[in-house]
1. Please go through the stretch 495-509 and pick out each residue that is out of contact with any Lys or Arg (no Cβ under 7 Å at 6 or more places or on another chain) and in a helix (DSSP H, G or I).
2. For residues in the stretch 518-533 being touching a helix residue (DSSP H, G or I) at 6+ places or on another chain (Cβ under 9 Å) and acidic (Asp, Glu), which is nearest to Tyr473 (Cα to Cα)?
3. Every residue in the stretch 76-93 that is surrounded by 13 or more Cβ atoms within 10 Å (Cβ to Cβ), at pLDDT 70 or above and not hydroxyl-bearing (Ser, Thr, Tyr), please.
4. Residues that are under 28 Å from the mean Cα position of the chain (by Cα): find the helices (runs of 4 or more DSSP H) completely inside the stretch 362-452 holding 3 or more of those.
5. If you scan the stretch 569-620, which residues turn out to be among the basic types (Lys, Arg) and surrounded by fewer than 16 Cβ atoms within 10 Å (Cβ to Cβ)?
6. Among Phe230, Phe168, which is closer than 19 Å to Ile347 by Cα and in contact with a helix residue (DSSP H, G or I) (Cβ under 6 Å, 6 or more places away or on another chain)?
7. For the stretch 492-541, which residues satisfy the criterion of being of a type in the set (Val, Ile, Thr), surrounded by 15 or more Cβ atoms within 10 Å (Cβ to Cβ) and closer than 30 Å to Arg276 by Cβ?
8. I'm checking my understanding of the structure. Among residues of the stretch 298-337 that are at pLDDT below 80 and hydrophobic (A, V, I, L, M, F, W, C), which one is farthest from Val205 (Cα to Cα)?
Amino acid sequence: MDKRTVRPNRNQNNRRGIKNLGFAAILILLALIIFAAYNQPSNLKSIPLTQAIKQSNEGKYSSILVNGNELEITQKGQSSPSLKTYTDPNSSLKAEGFNFSKVSITFKPQSSSTSAWISVGESVLTVLLIGGLLFFMLRSAQVQGNQALSFGKSRARLYGNEKDKATFADIAGSDEAKQDLSEVVEFLKYPKKFAALGARIPKGVLLVGPPGTGKTMLSRAVAGEANVPFFSISGSEFVEMFVGVGASRVRDLFAKAKKNAPCIIFIDEIDAVGRRRGSGMGGGHDEREQTLNQILVEMDGFEQGQNVIVLAATNRADVLDPALLRPGRFDRRVNIGLPDRREREAILKVHFNKKPLAKDVDLDALAAKSAGSSGADLANIANESAIIAARNNHSEITQDDVTEAFERVAIGPERKSKVMTEVDKLTTAYHEAGHALVGHVLPDSDPVHKVTIIPRGGTGGVTWFIPPEDRVYVSLVQFKDILARGMGGRIAEEVILGADHITTGAGSDLQQAAEVARDMVVNQGMGEKLRDQVFKTDDGMMLDRLVHEREYSDDTAKIIDQEVESLITEAANRARMVIKANRDKLEVLKNKLIEKETVDAKEVSEILKGAHMPKAAALY
């Protein structure tokens with residue numbers, strides 16, 4: 001296939017020629033002004049030579065300056081010449097009857113040809129300096145993009161001529177998304193094949209997925225595979241404080257795209273301008289809404305055969321305006337989810353490919369325990385591994401470096417410099433041991449990965465649970481075990497230290513438990529009284545929450561609160577029964593934590609071997 005190049009626009013060349021002519025005209029005008037300033041006519045009054053001789057003999061002149069055949073006369077009482085006369089160049093002043101006793105005569109030295117050329121050179125140099133300075137100022141304003149003259153121009157960056165183009169082979173994972181987008185590549189490469197069968201090329205493709213899943217990279221790969229220009233712009237770059245600027249930039253962007261067709265327009269974070277209209281207080285004259293209206297109009301204006309496709313990315317498809325999502329605008333929607341275990345391993349191999357890895361590094365194990373991580377998270381783990389290895393003066397990245405990088409990215413760095421008192425250390429050990437004991441005993445809880453009383457991130461200690469495999473669904477019993485192990489820390493403090501000595505260390509645990517319980521009742525229909533009922537909640541902007549009322553009554557809200565309280569109370573009771581039944585195991589694990597500060601999964605399993613769950617704590 002022939003490589004396509006973006007040709008310069010003929011109109012742009014014409015504008016450039018007009019600008020150069022303007023610069024030349026300015027330089028000529030400056031030269032004329034300076035020439036006129038240097039060659040201003042003399043303002044001396046001219047008198048006949050005979051009159052000048054007569055008045056000179058009468059003593060009316062104080063001095064005469066002889067400049068060739070021109071006499072510049074200064075009258076008595078004046079400081080500068082005011083009269084002039086001319087004499088025959090071949091005559092002598094003495095022959096004309098001058099009385100030298102009454103007037104001072106001086107002769108101005110005649111300038112040579114060299115001094116004349118110097119004078120001309122100074123004038124030319126002055127013109128060139130002033131013109132060069134003006135040219136530099138105007139050129140700098142043009143190169144930097146004069147905001148006053150190009151305020152309504154598009155800020156989109158054009159890609160397509162770079163040597164190293166991204167392709168699907170450069171991106172690991174996202175196989176389903178690649179398959180969907182490969183059709184877009186075919187639309188751009190072979191449009192006649194589809195037109196022959198009466199197929200209409202889609203105008204827009206919406207990429208939806210969590211942050212860091214590679215939506216922008218996939219868009220670049222589509223352009224690379226099709227070998228077409230790629231206009232990239234963020235949704236926030238359309239909107240300015242001046243009304244109408246966003247719509248103007250949209251028009252300019254689509255006009256450029258049509259001239260470079262076939263091509264791709266990529267709008268990142270389109271929810272910045274594509275939010276549902278009418279949800280705010282600005283009405284129809286809001287700048288964001290005007291920009292959205294212009295995008296809708298431009299997408300409608302695409303004609304068959306133009307081969308311009310708009311790709312847009314967002315992680316909030318639920319807030320987009322329905323007019324954007326209708327057929328004829330964004331015809332297709334590609335969901336890009338978090339990678340599974342196989343895809344995570346492939347992504348890790350890509351990011352570790354150019355890094356020296358030790359033979360003992362197990363990327364498969366890292367992929368297994370990094371469930372829920374996005375591609376950006378995995379790239380961060382690889383980068384942190386290299387940084388930690390360099391800090392430890394390692395010649396290659398070891399397994400310990402990778403493990404430390406993973407824990408740093410997942411739960412935050414260790415804060416070993418934080419000094420803990422013996423009482424705080426003891427309380428933290430009981431707290432984390434309570435989490436680990438309850439999570440280990442309950443049958444539907446994830447296994448313990450690591451327990452530490454070293455502060456990490458914003459926590460005083462961490463008990464880390466990692467699912468053995470990727471999970472698509474979460475059952476009711478799994479939710480209840482998650483709640484119970486989350487309450488294990490607070491209940492351990494209560495059982496061991498007494499109800500009056502519980503601490504603030506369980507604040508984040510209680511908050512997470514409340515969020516999980518409310519999600520179970522409101523969004524998953526897992527309450528007792530409100531089973532199989534879900535209630536929509538608006539989690540958009542604060543203004544949306546103020547404008548829109550909730551879709552359930554106060555009585556229902558009261559029942560929801562009761563359901564949440566019931567779930568948390570049940571979880572606390574189950575955790576209490578497990579801790580009281582296995583208090584000896586709790587003490588052993590607490591002592592090990594105080595001794596070593598960090599206990600891994602194998603040691604936890606050995607210490608808690610034989611711990612049992614009371615029948616009253618069982619759910620089934």
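1. Initially, the stretch 495-509 is screened for residues out of contact with any Lys or Arg (no Cβ under 7 Å at 6 or more places or on another chain), giving 496-501, 503-505, 507-508.
Ile496, Leu497, Ala499, Asp500, His501, Thr504, Gly505, Gly507, Ser508, listed by residue number.
2. Asp519
3. Within the stretch 76-93, the first condition is being surrounded by 13 or more Cβ atoms within 10 Å (Cβ to Cβ), and the residues that meet it are 78, 81-87, 93.
Applying the additional criterion that residues be at pLDDT 70 or above yields 78, 81-87.
Once the filter is applied, which keeps residues that are surrounded by 13 or more Cβ atoms within 10 Å (Cβ to Cβ), at pLDDT 70 or above and not hydroxyl-bearing (Ser, Thr, Tyr), the stretch 76-93 yields Gln78, Pro81, Leu83, Lys84.
4. Working: elements: 363-369, 375-391, 399-411, 422-441.
Per the criteria, 375-391, 399-411.
5. So the first thing to find is which residues in the stretch 569-620 are among the basic types (Lys, Arg), and the list is 574, 576, 580, 583, 585, 590, 592, 596, 602, 609, 615.
Across the stretch 569-620, the qualifying residues are Lys580, Arg583, Lys596, Lys602, Lys609, Lys615.
6. Phe168
7. Taking the stretch 492-541 and keeping what is of a type in the set (Val, Ile, Thr), we get 495-496, 502-504, 516, 521-522, 534, 537.
Narrowing the set further to residues that are surrounded by 15 or more Cβ atoms within 10 Å (Cβ to Cβ) leaves 495-496, 502-503, 516, 521-522.
Val516, Val521, Val522, listed by residue number.
8. Phe302
The values are calculated or read from the model by the stated rules, or taken from the named source; none is laboratory data. Please read all numbers here as calculations on a predicted model, not as lab measurements. Reconstructed Cβ throughout: ideal geometry from the backbone, glycine too, with neighbour counts over all protein chains shown.
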